[in-house]
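Visitor: My questions all concern the structure below.
The values are calculated or read from the model by the stated rules, or taken from the named source; none is laboratory data. In this text, all values refer to a predicted model and were calculated from it rather than measured experimentally. For neighbour counting, all protein chains shown are included, and Cβ atoms are generated from backbone atoms with ideal geometry for every residue, glycine included. Side chains included, ligands, DNA and RNA excluded: accessible areas come from the protein's heavy atoms. Shrake-Rupley method; radii C 1.70, N 1.55, O 1.52, S 1.80 Å.
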2 protein chains.
Amino acid sequence: MQNSRITLGHGSGGKLSHDLIESVFISQFWNDISARSDDSAVFSLGNDNGNIGDKQLAFTTDSYVVKPITWPGGDIGKLAVCGTVNDLAVVGATPLYLSAAFVIEEGLLLTTLTEVVKSMAETAAEANIKIVTGDTKVVERGSADGLFINTAGVGVIPSGLRISGDGAKVGDAIILSGSIGDHGIAVLSAREGLVFANELKSDVAPLNHMISAMLNSGSSIHVMRDPTRGGLATTLKEIAKQSKVAISISEEKIPVKQEVTAACEMLGYDPLHVANEGKLIACVAREDADKVLDIMRNSGYGQEATIIGEVLAESSAMVMMKTKIGGTRIVDMLVGEMLPRIC
Amino acid sequence: MQNSRITLGHGSGGKLSHDLIESVFISQFWNDISARSDDSAVFSLGNDNGNIGDKQLAFTTDSYVVKPITWPGGDIGKLAVCGTVNDLAVVGATPLYLSAAFVIEEGLLLTTLTEVVKSMAETAAEANIKIVTGDTKVVERGSADGLFINTAGVGVIPSGLRISGDGAKVGDAIILSGSIGDHGIAVLSAREGLVFANELKSDVAPLNHMISAMLNSGSSIHVMRDPTRGGLATTLKEIAKQSKVAISISEEKIPVKQEVTAACEMLGYDPLHVANEGKLIACVAREDADKVLDIMRNSGYGQEATIIGEVLAESSAMVMMKTKIGGTRIVDMLVGEMLPRIC
């Protein structure tokens, strides 16, 4: 510890990030609310502070350091709104208010900043969230890389609704809203100048309207997560750990675009570990799965939604995948760093 | 505009920051809540979202890029908690929940991060606010300067209370909680290796308990602000503009420590423009001013509280200062950048 230093892997969203959070942050910041380890903190204002009614609030934050700041299908502004909107939506909250804080490197073109801010405003309008407060800091040339954005968000959860990573039930269908790895590979292609026969676009999108339709159907939705840094594999492993269950998925059911497969083969990446910014994983009671699938497929951002596996009765927190060639593979969190600064 | 670039002055908190906010951010993000231009956004959840009662929520954010990350009297962790706690408290909110997001440069010592996190936890305990959600990003060596922290905060405002920069009333006493410039000069001394005969400590402190005592006294407190970036001058000018009044202050009433005066004379700074991180400005009905002063002086962070001026009936938004030598000086916002990366 004495001479240990932070590495890029500590920001991967995978195993090293989890270790850092446990050893440094949770040991100092632990409380009954942070302990839930979901994408948003969830709390009621009713007990200590008088009549705020029976609803709960959700509150979350993310900083965005993606490089470059624009790529096919998105930019840092759109990402900064979608990431926080989605973290609110997956705990069942209606996103209401957003903060936006900018750390800008001296010398950034004002036109670049203006484009990013416009993109944030457009995405916020689509997601129906208001940007209500903010901050601007400027650091000297060389002290930051262009532009970093932090957003925090506040949302309201309807009475009685509880969606958490610890809610997966044995027999639940695991639904994935579409193809994986699009965001990570699209950003990488912009960064490294990779060219595909067909342009690959990032999937960055606000999922709150689709999620709202899913919840309004009255279906038994037990867990929702958006598989960002660390990819599908890391998110499924988190759910298995929080819910103390095993998860089985089938490789042939997981949609992966040809360009993503090709890039991953070339670079030695596993698509299961590549970041997504507009995808949803849901654990849904088996009897409601078809209804939920229909709703997702009728939404703009879930047309390829499909069942990729199920929740099993084991407390091993293991995630297993039936491979295309008929074997079984253990799926684990991302270890180390694969694609730094992807979000 | 085409080739305009961001300068350090855009992060000063003064005139250029205000211009940037108006031209780039407000034009895209304007709404009924952001329009109030206070240190926190204030909103009710009652109208659109059912029974949340009659209380209002406050929500605010700040990113901290201070350099170096420790200095006499504080560190970036303490600052990141106090800054956001104070922004909530000055709109009359009880601070409840905090987010903490870290952008870390690869290579930062884990022991350094741990010390900062410990300092955040201690300050949060003093302020009685819970850190409930967070984020960690790591960027390559050279892409950020050590450590940047963003905090966002949520608080609850008691029914019927409205404290805003637009509330100053003619005849109000202007109360300042203590000496100005301590934070800015303490950070500068750590950065540049300045040595004073007596060590100057930053004033960084959570003011919420003092403010809570002031509000609980039932006094007519019309405006509260903490004069951070841009200093006392910029904050008074903001209040004068928002409230459409003139403000008159007296130079001899404003406490300035000898070390701050000396450093400012040497460097050509105006103490009125130097940042504070544990000071409060309040506009209070004249008949309640002595009661409020007593409460502040009995609090740990307001022992030197004093009346420095009054609100006048003019719509010029002018701030005037009677100087020690008997003249009158116009006080204006900081223009350009004096001390970059002070918070």
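Visitor: Of all strands (runs of 3 or more DSSP E) completely enclosed by segment A:196-292, which ones contain at least 1 residues that are touching an Asp or Glu at 6+ places or on another chain (Cβ under 7 Å) and closer than 22 Å to A:LYS324 by Cα? Break it down stepwise before answering.
Guide: Numbers: elements: A:221-225, A:246-250, A:281-284.
Output list reads A:246-250.
Visitor: Tally up the residues in segment A:91-115 that are in contact (Cβ under 8 Å) with a residue 60 or more places away in the chain and not hydroxyl-bearing (Ser, Thr, Tyr), please.
Guide: First, pick out the residues of segment A:91-115 that are in contact (Cβ under 8 Å) with a residue 60 or more places away in the chain: A:91-96.
Those left that are additionally not hydroxyl-bearing (Ser, Thr, Tyr): A:91-93, A:95-96.
Selection size over segment A:91-115: 5.
Visitor: Still on this structure: Being in contact with an Asp or Glu (Cβ under 8 Å, 6 or more places away or on another chain) and among the aromatic types (Phe, Trp, Tyr) is the requirement here; does A:PHE102 meet it? Walk me through how you get there before you give the answer.
Guide: On the way: in contact with an Asp or Glu (Cβ under 8 Å, 6 or more places away or on another chain): yes; among the aromatic types (Phe, Trp, Tyr): yes.
Yes.
Visitor: Before we move on, is B:ALA125 of a type in the set (Gly, Ala, Ser) and facing chain A (nearest Cβ under 7 Å)?
Guide: Values: of a type in the set (Gly, Ala, Ser): yes; facing chain A (nearest Cβ under 7 Å): no.
When the stated conditions are applied, B:ALA125 does not pass them.
Visitor: Moving to a separate point now. Does segment A:141-151 contain at least one residue that is at pLDDT 95 or above, open to solvent by less than 10 Å² (accessible area, probe 1.4 Å) and in a helix (DSSP H, G or I)?
Guide: There is no residue in segment A:141-151 that is at pLDDT 95 or above, open to solvent by less than 10 Å² (accessible area, probe 1.4 Å) and in a helix (DSSP H, G or I).
Visitor: Could you tell me whether A:GLY155 is assigned to a loop (DSSP other than H, G, I, E, B) and small (Gly, Ala, Ser)?
Guide: Values: assigned to a loop (DSSP other than H, G, I, E, B): no; small (Gly, Ala, Ser): yes.
No; evaluated as a whole, the condition is false for this residue.
Visitor: Follow-up question, since we're still on this one. From A:LEU96, A:LEU147, A:LEU176, grab the single residue that is more than 7 Å from chain B (Cβ to nearest Cβ) and within 26 Å of B:ARG229 (Cα to Cα).
Guide: Numbers: A:LEU96 fails: within 26 Å of B:ARG229 (Cα to Cα); A:LEU176 fails: within 26 Å of B:ARG229 (Cα to Cα).
Matching residue, one of A:LEU96, A:LEU147, A:LEU176: A:LEU147.
Visitor: While we're here: I want to confirm something. Restricting to segment B:260-284 and keeping residues that are over 21 Å from B:MET333 (Cβ atoms) and open to solvent by 10 Å² or more (accessible area, probe 1.4 Å), which single residue is nearest to the chain's Cα centre (by Cα)?
Guide: If we take residues in segment B:260-284 being over 21 Å from B:MET333 (Cβ atoms) and open to solvent by 10 Å² or more (accessible area, probe 1.4 Å), then B:THR261 is nearest to the chain's Cα centre (by Cα).
Visitor: Now for a different question. Give the residue, chosen from B:SER44, B:SER34, that is within 7 Å of another protein chain (Cβ to nearest Cβ) and among the polar types (S, T, N, Q).
Guide: Working: B:SER44 fails: within 7 Å of another protein chain (Cβ to nearest Cβ).
Result: B:SER34 is the single residue among B:SER44, B:SER34 that is within 7 Å of another protein chain (Cβ to nearest Cβ) and among the polar types (S, T, N, Q).
Visitor: Let me ask another. Could you tell me which residue of segment A:186-213 is surrounded by the most Cβ atoms within 10 Å (Cβ to Cβ), considering only residues that are more than 24 Å from A:GLU122 (Cβ to Cβ) and of a type in the set (A, V, I, L, M, F, W, C)?
Guide: In the first step, residues of segment A:186-213 are kept if they are more than 24 Å from A:GLU122 (Cβ to Cβ); the result is A:188, A:192-198.
Pick out the ones that are also of a type in the set (A, V, I, L, M, F, W, C) and you get A:188, A:194-197.
Details: A:LEU188: 22, A:LEU194: 16, A:VAL195: 7, A:PHE196: 16, A:ALA197: 8.
The qualifying residue surrounded by the most Cβ atoms within 10 Å (Cβ to Cβ) is A:LEU188.
Per-residue answers, yes or no, for (1) open to solvent by 10 Å² or more (accessible area, probe 1.4 Å); (2) hydroxyl-bearing (Ser, Thr, Tyr):
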site: A:ILE104; (1), (2): no, no
site: A:THR112; (1), (2): yes, yes
site: A:PRO158; (1), (2): yes, no
site: A:LEU176; (1), (2): no, no
site: A:ILE180; (1), (2): no, no
site: A:HIS183; (1), (2): no, no
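Visitor: Under 8 Å by Cβ, and 6 or more places apart or on different chains, what pairs join a residue from segment A:2-17 that is without any contact (Cβ under 8 Å) to a residue 60 or more places away in the chain with one that is assigned to a loop (DSSP other than H, G, I, E, B) and open to solvent by 60 Å² or more (accessible area, probe 1.4 Å)?
Guide: The qualifying pairs do not exist here.
Visitor: Taking segment A:102-122 as the region of interest, how many residues are on the phi > 0 side of the Ramachandran plot and either part of a strand (DSSP E or B) or more than 7 Å from chain B (Cβ to nearest Cβ) (or both)?
Guide: So the first thing to find is which residues in segment A:102-122 are on the phi > 0 side of the Ramachandran plot, and the list is A:107.
Narrowing further to those that are either part of a strand (DSSP E or B) or more than 7 Å from chain B (Cβ to nearest Cβ) (or both): none.
Qualifying residue count, segment A:102-122: 0.
Visitor: For segment B:160-169, give me each residue that is open to solvent by 20 Å² or more (accessible area, probe 1.4 Å) and either among the aliphatic types (A, V, I, L, M) or within 9 Å of chain A (Cβ to nearest Cβ) (or both). Let's see the steps before the verdict.
Guide: Step one: of segment B:160-169, the residues open to solvent by 20 Å² or more (accessible area, probe 1.4 Å) are B:160-162, B:166, B:169.
Correct list: B:LEU161 only.
Visitor: Mind checking which pairs have a first residue in segment B:19-45 that is at positive phi and a second that is open to solvent by less than 30 Å² (accessible area, probe 1.4 Å) and assigned to a loop (DSSP other than H, G, I, E, B), Cβ under 9 Å, 6 or more apart or different chains?
Guide: These pairs meet every condition: B:SER37/B:SER164; B:SER37/B:GLY165.
Visitor: Does segment A:62-77 contain at least one residue that is under 19 Å from the mean Cα position of the chain (by Cα), of a type outside the set (Ser, Thr, Tyr), facing chain B (nearest Cβ under 7 Å) and not in a loop (DSSP other than H, G, I, E, B)?
Guide: Yes: one or more hits.
Visitor: Anything in segment A:164-194 that is among the charged types (D, E, K, R) and over 22 Å from A:PRO255 (Cα atoms)? List them, or say none. Full working, then the answer.
Guide: In the first step, residues of segment A:164-194 are kept if they are among the charged types (D, E, K, R); the result is A:166, A:169, A:172, A:182, A:191-192.
Hits for segment A:164-194 are A:ASP166, A:LYS169, A:ARG191, A:GLU192.
Visitor: Does any residue of segment B:101-110 turn out to be of a type in the set (Val, Ile, Thr) and within 22 Å of B:PRO227 (Cβ to Cβ)?
Guide: Our first condition is that a residue be of a type in the set (Val, Ile, Thr); within segment B:101-110, this holds for B:103-104.
Then drop every residue that is not within 22 Å of B:PRO227 (Cβ to Cβ), which leaves none.
No; the residues of segment B:101-110 include none that is of a type in the set (Val, Ile, Thr) and within 22 Å of B:PRO227 (Cβ to Cβ).
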